[in-house]
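Written below as structure tokens is the structure these notes are about.
The values are calculated or read from the model by the stated rules, or taken from the named source; none is laboratory data. Keep in mind that this is a model prediction, so the values were computed, not measured. Cβ coordinates were reconstructed from backbone atoms using ideal geometry, including for glycine residues, and neighbour counts include every protein chain displayed. Accessible surface is based on the protein model in full, side chains and every heavy atom, while ligands, DNA and RNA are left aside. Shrake-Rupley method; radii C 1.70, N 1.55, O 1.52, S 1.80 Å.
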Amino acid sequence: LPRKMITYQRLRELVEYDPASGKFSWRKVRANRSPDNSLGWISWNGYCCFSIERRIYRAHRLAWLYMTGQWPKEDIDHKNGERADNRWENLREATRGQNLANKRMDSRNTSGFKGVSWSRKCRKWQSHIKVNRKSMLLGFFETKEEAHAAYCNAADLHFGEFARPETPKENADGMATR
């Protein structure tokens, strides 16, 4: 049988959450815990996780429960795209589509621009976006900058505050790793 999810009251009894740092720590110090009393590890996919009462949770979901008293209805989005950054100001409730709109550029992208790829057939740069799980072709362009501008306009239209256009400058700073 699956274990029940932790309740708001039980979470508050066991741990403390610092909204400014996004860190969790145990309320009671025990011998087998870390010296600084902190919880968690970074999972293979970049999320901070920890175990409470033999069940593993993602820290961003527990931060939401801790601060609002309720489990999130859908996803929790990290505004800055950093999955281990669980500061309260960096978290927001989102639909799956909004969360996916805010994801970083795919590491296999070779154009350097999100939503832009080379069309061998047309011998031009093409711009594309995915909305509600459907891929939309935005057009063909002479330059990748023009194609990226089309992507940015469509992202703003469809995703609003969740749009993450990512420019080559961001990529050069190492922010486009996924």
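When region 126-148 is limited to residues that are among the hydrophobic types (A, V, I, L, M, F, W, C) and open to solvent by 50 Å² or more (accessible area, probe 1.4 Å), the one that is nearest to residue 98 (Cα to Cα) turns out to be 136. Among the residues making up region 69-82, a single one is loosely packed, with under 13 Cβ neighbours inside 10 Å and at positive phi: 69.
Per-residue answers, yes or no, for (1) outside any helix (DSSP H, G or I); (2) surrounded by 12 or more Cβ atoms within 10 Å (Cβ to Cβ); (3) touching a residue at least 60 places away in the same chain (Cβ under 8 Å):
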{"site": "3", "(1), (2), (3)": "yes, no, no"}
{"site": "84", "(1), (2), (3)": "yes, yes, no"}
{"site": "99", "(1), (2), (3)": "no, yes, yes"}
{"site": "111", "(1), (2), (3)": "yes, yes, no"}
{"site": "118", "(1), (2), (3)": "yes, yes, no"}
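In summary, residue 89 fulfils each of the numbered conditions (1) open to solvent by less than 20 Å² (accessible area, probe 1.4 Å); (2) within 24 Å of residue 162 (Cβ to Cβ) with the single exception of condition (1).
Going through (1) surrounded by fewer than 13 Cβ atoms within 10 Å (Cβ to Cβ); (2) modelled with pLDDT of 95 or more one by one, residue 35 falls short only on (2).
Within region 45-78, the residues that satisfy the criterion of being modelled with pLDDT of 95 or more and out of contact with any strand residue (DSSP E or B) (no Cβ under 8 Å at 6 or more places or on another chain) are 65, 68, 69, 70, 71. Just checking, does region 101-111 include any residue being touching a Phe, Trp or Tyr at 6+ places or on another chain (Cβ under 9 Å) and within 30 Å of residue 66 (Cβ to Cβ)? Yes; the residues of region 101-111 include at least one that is touching a Phe, Trp or Tyr at 6+ places or on another chain (Cβ under 9 Å) and within 30 Å of residue 66 (Cβ to Cβ).
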